[in-house]
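Everything below concerns the one structure shown next.
No lab work stands behind these numbers, since they all come straight from the coordinates. Because the structure is a prediction, the values reported are computed rather than measured. Heads up, the Cβs are rebuilt from the backbone with ideal geometry, glycines too, and the neighbour counts pull from every protein chain shown.
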Amino acid sequence: MPSHLTRHIFRRLLANEPIVHRGCLRRRAYSTTRIHNVCAGASTLGHGARLESHSQRRTFFNFSMFRKKQKESKDADIAPGVEDMMQFAKLERMNARLPHPQHVLAAIRKFFAFMRGTAKTGIEDIQAELVLQCLRYCMRTGHILKSDGQPTFVSMVRYAAPVLRRRHPPPTSFHADLAKAIYVDAKEVDVDDKTVLEALQACCNILTRTGRFSEARELVLEYEELAGDSDHRSNGREIDDAVQADVGNAAAFDPSSARDTYRRLWNGVLYGCAAANDGDGVQSTLRLLRDRGWAGNCYVARAMLVYSLHGSDAGAIEKWFLEAGQADEAGTSGAPSSEASGPFRLSKVLQWCLAHGELELGHKIVRRSLGNDPPKQVWDTVFVWAAGTGKGADEINRMLDVMEASNKSKANRDEWRLPDIQTINGLVNYAVSRNDPYLAERFIALGKARGIEPDAWTYVLQMQYRLKVNDVDGALVAYKNLQAAGDSSEKDGPTVNKLIIALCQSQRHDFDTIMNVAADLSDRQVRFEAETVSRLALLHLSRDELHDVIDLLNTHSFHFSSTERESIRNSIVGYCTDPATRTPRAWDAYCILRNIFDETPRPQRTQLMEEFFRRGRPDMAVNIFNAMRAHSRSDTYPNTDTYVSAFLNAAKIKDLDSLEVIHNQLKLDYNIDPTTYLRNALIIGYSGCGQPRRGLSQWDDIVASKEGPSYNSIHIALRACERSPFGDIKAKDIWAKLRRMKIDLDQSMWASYAGALVGNGDIATAIDTIEKAEKDNEAEIDAFLIGSMYNGAPGQNKQKEVEEWAKESYPNVWSKLESIGFEEDDNGMNVFKLQRDVSP
């Protein structure tokens, strides 16, 4: 090619411009991809080239104008800041140049700002691990301690604290480590006490919820000492106006509220120990509260009641229940949450009485509760207790009349206690917990008889107990009633998710019915459960709706925990490896898996690679292997077992091309140290692909290696000699070396050596060798040995020679072989059904 033409081409490539040749016969077909001016004349491009412009033509046979526009997939729904943190994590894995800490810290702040203002739940463990990794980098570089990093860090802490305290999802060790790291970093940075306390409260909350009670106690004690020995730092530094505008004004720390703050911290630790039934933690924390004079507050009574409900001490339960109630009556408990209110505590205690058969204590508590003109919520709890003690719908109906009759003494109708749908729902919920659909329907009928119509929650309960008995049609009717009610909320999300799963499993409901339920859930922006996403993804895959699968996973999969993502991933892998799944569909599913579930570990990727080898598609298997090679995660990169699996599977389908590609990858892989195990697999691979002599080249490397050959190596090498031209020479050399080194040779080793000799036509030497070994009591001529010789014989004539010798010299052994039976090998020859496979 002339040099000026070479320069012209490279300049075009560097300028990202097309290479145009005036005399190209197909120029008209290709030039439509880039025509800037449709008017007559020519437009001049760079470097002196000219592109002739042509008038636009629309022909009748231009069928592309009728083609349906290709659907574009949705982008992944990832919270702001997460992509930047993911990029940082990838660069750190690759030991590449990392971004500036300010950029990473800003990404963390952006993420928590979004979670606090937009998201309704806390962060998942994947996100917590990612934030922790980025935060440690920022702290390691010292950027947080600098003046330009402190405002961003302070606002990040104030955004993060309320997010970390959210109840859902359940915290993990990553959440606990992150909360502790934020608190420790906040102490080291010169920030105000309010920010430090917010971080401490979030940290203690998560530590107690993850069972790390001793750490929470130590942190509170440490902070008490620091606060008592030093002045408060509320005015130690000023927060930027931007921070105040973003997060809210950082009010100065009020020393008078310190005592209440510490008490709340200690109460939180005590409650966490009580909820986890940690007796030692409860007692040690209670002693610390007594030392501070806080053991008599209402929060202690509530926590001790929670702890007592884990045991079987009825006296302790009665004591703490009464103390908590007295604190409520005295007004010292403040405004308790719904889980700490009197009716809620009463319900928990009565449930304990039913579970432990303490009916006498339950009746005693009910009489005491009804003796003080209780509110309606207490009556509702008592009705559930009555149902638990065996009273039916008719008896509870009479109890409702009693409650209504008690209103006669109240002149103000607003104070009347009348049964409503909450009363009925409580009874239905009890029937659902007992798996008694009939009783639940009786309670609903009771409500209708009293003019109480079901509400949205009633229909949700109906769906629950109908799904439990696999009444999918009945649950679907209840769901339609729920839609008609028009007041559904996110509380029905878990039940509607179960309905979608049941519809997918039933095989009786059409696709549109399932999609209508899923669309309603999506329109209301209710959370999809992981199993729901799995079922819908498999449904779309079975219909070849790939864009819908991608949209579904991009929308929901990045909001799940690692366990939930794993469950979705497992279902897709199971779909790919299902023999009933057609290969094109399996490949499409893998491509989706590769793009969305980047964390797919090595074992599953290896399983997928093996599956496509099994399907006779080594090109797809090699593609999966190359994707593993190009990955940045160490737990995904192929290891020795991955290479061995690839070599063995290539041998099974006799595909030399894939074997050579992966072998070449091995030569370039500096992470893999060739071992005897790996070289054994290579010998098997090349032997299976019809290249035994090439495989035997690995034998010399095995012998020369520090590890040396194993017994399997000898079997594999002799088996390769059996199939290799002039392999008997190599086999004799190996055998002579084994004899010189006085290696113990078992029966199977003699069979492999005899097979190698017979495989190259040297039947006489093989017979002489094994007969001499039998005479010297070194080997026994059994069915496996003769069968190995027969199976290794190259051609029917050689097999006939082995057969004649065996029938004449060892007729009983031959009869035993004939009883085993024959099968046809890959070359169309009859061989005995012997298990001669060797493993690396």
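Taking the beta-carbon count within 10 Å as an exposure proxy, list 213, 647, 822 from fewest neighbours to most.
Fewest-to-most Cβ neighbours within 10 Å comes out as 822, 213, 647.
Given H placed 1.01 Å from N in the peptide plane, which residues other than close sequence neighbours of residue 655 have an amide H under 5 Å from its amide H?
Residues meeting the criterion, in which the H sits 1.01 Å from N, do not exist here.
Relative to the longest principal axis of the C-alpha atoms of the chain, give the angle of the C-alpha long axis of helix 173-188, reported between 0 and 90° and rounded to the nearest 10°.
Between the helix axis and the principal axis of the chain, the angle is about 70 degrees.
Let me spell out the model: positive unit charges on the Cβ of Lys and Arg, negative unit charges on the Cβ of Asp and Glu, origin at the Cα centre of the chain. What dipole size does that give, in debye rounded to 20?
Charge dipole, the chain, about its Cα centre: 2740 debye, nearest 20.
What share of all Cα pairs of the chain, in percent, falls into each consecutive 20 Å distance bin?
Percent of pairs per bin, in order: 11, 26, 30, 22, 10, 1.
With +1 on each Lys and Arg Cβ and -1 on each Asp and Glu Cβ, how big is the dipole of the range 77-117 about its Cα centre, in debye rounded to the nearest 20?
Using only the charged Cβ atoms, the result is roughly 120 debye.
Within the range 653-801, how many Lys pairs that are eight or more residues apart, or on different chains, come under 19 Å at the alpha-carbon?
Value for the range 653-801: 8.
Tell me, in nm to one decimal, what length is gained between residue 710 and residue 826 on full extension, where the rule is 0.36 nm per residue of separation less the Cα-Cα distance?
Working: separation 116, 0.36 × 116 = 41.76 nm, distance 2.81 nm.
Full-extension gain reported as 38.9 nm.
Give a residue-ordered list of calculated ³J(HN,Hα) values for the range 401-418 (Karplus: 6.51 cos²θ - 1.76 cosθ + 1.60, θ = phi - 60°; whole Hz; x for Gly, Pro).
5, 4, 4, 5, 5, 5, 7, 4, 7, 9, 6, 7, 5, 5, 8, 5, 9, 10
Shape verdict for the range 80-198, please, from the Cα gyration tensor: rounded (a/c under 1.5), prolate (a/b greater than b/c) or oblate.
oblate
Could you calculate the contour length gain from residue 74 to residue 441, that is, 0.36 nm times the residue separation minus the distance between their Cα atoms, to one decimal place in nm?
Gain on extension, residue 74 to residue 441, equals 127.7 nm.
Which of 657, 394 comes first, and how do the rest follow, when ranked by fewest Cβ neighbours within 10 Å?
The most exposed by this proxy come first: 394, 657.
Tell me, what ³J(HN,Hα) does each residue in the range 111-126 have, in order and in whole Hz, if you take phi through Karplus 6.51 cos²θ - 1.76 cosθ + 1.60 with θ = phi - 60° and put x for Gly and Pro?
3J(HN,Hα) across the range 111-126, in whole Hz: 5, 5, 5, 5, 5, 6, x, 10, 6, 9, 10, x, 9, 7, 5, 4.
In whole Hz, what ³J(HN,Hα) sequence does the range 689-699 give by Karplus (6.51, -1.76, 1.60; θ = phi - 60°), x for Gly and Pro?
In residue order, the calculated couplings are 8, x, 10, x, 5, 5, x, 5, 5, 6, 5 Hz.
Please give the calculated 222 nm ellipticity per residue for the chain, where each DSSP H segment of at least 4 residues contributes -39500 (n - 2.57) and the sum is spread over every residue; nearest 500 deg cm²/dmol?
Numbers: 41 runs with 544 residues, N = 840.
Computed ellipticity for the chain at 222 nm equals -20500 deg cm²/dmol.
Magnitude of the Cβ-charge dipole of the range 394-508, K/R +1 and D/E -1, about the Cα centre, nearest 20 debye?
160 debye
Take 742, 110, 800 and order them by how many other Cβ atoms sit within 10 Å, fewest up front.
If I rank by nearby Cβ atoms, fewest first, I get 742, 800, 110.
First check a/c for the range 583-687, with a ≥ b ≥ c the square roots of the eigenvalues of its C-alpha gyration tensor; if it is under 1.5, answer rounded, and if not, answer prolate when a/b is larger than b/c or oblate otherwise.
Because a/c hits 1.5 or more and a/b fails to exceed b/c, the range 583-687 counts as oblate.
Within the range 714-801, report the GluC sites (Glu not before Pro) that DSSP leaves as loop and that have at most 14 other Cβ atoms within 10 Å. Could you put the intermediate results ahead of the total?
On the way: sites: 722, 771, 774, 778, 780, 801; in loops: 778, 780.
Those that pass, being in a loop and sparsely packed, are 778, 780.
Working out 0.36 nm times the residue gap between residue 505 and residue 295, then minus their Cα-Cα distance, what length gain in nm do you get to one decimal?
Details: separation 210, 0.36 × 210 = 75.60 nm, distance 5.39 nm.
Gain on extension, residue 505 to residue 295, equals 70.2 nm.
Give the distance, in whole Å, between the Cα centre of the range 367-396 and the Cα centre of the range 119-135.
If you average the Cα positions of each part, the centres end up 45 Å apart.
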